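Undergrad: First the structure, which I've put down as C-alpha cells, then a few questions once you've had a look.
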C-alpha cells in the first residue's frame, strides 16, 4: 500500500514538473504596443496606410500622404489639389 501511495506522489510531482516546464509563462508574456501606429488616408485611392510607410508630400502648405508614388502622380494628373 505504501508503495502505491509513494508511486502516486512521484507521478504527481513528475506530471507537475513537466506541465510547468512546457506551459507558457504568465508573468513574462510579451507586451504588445497598445498605442499602435497612426494610419493616414491616401487622398487618391482612399486606402489607409501606416504613416511610417506612406509617401509624404507637401502641397500648398498641406502635408498629404499617399500609398505610393504612383498614386501621387495620378493625384496630380487628376488636378485635385488641396485648398488652402
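Undergrad: Kindly indicate which of 31, 51 is within 19 Å of the chain's Cα centre (by Cα) and at pLDDT below 90.
TA: From the options 31, 51, the qualifying one is 31.
Undergrad: Something else about it: Which residue pairs have Cβ atoms closer than 9 Å, lie 6 or more positions apart in sequence or on different chains, and pair a first residue in the range 66-84 that is closer than 20 Å to residue 53 by Cα with a second residue that is modelled with pLDDT under 80 and not in a helix (DSSP H, G or I)?
TA: 75/81
Undergrad: So residue 40 clears everything in (1) assigned to a loop (DSSP other than H, G, I, E, B); (2) within 18 Å of the chain's Cα centre (by Cα); (3) modelled with pLDDT of 90 or more except one condition, right? Which one?
TA: Failed condition: (1).
The values are calculated or read from the model by the stated rules, or taken from the named source; none is laboratory data. Everything numeric here is computed off the predicted structure, so don't read it as measured data. Don't worry about glycine lacking a Cβ; one is built from the backbone with ideal geometry, like all the others, and counts go over all protein chains shown.
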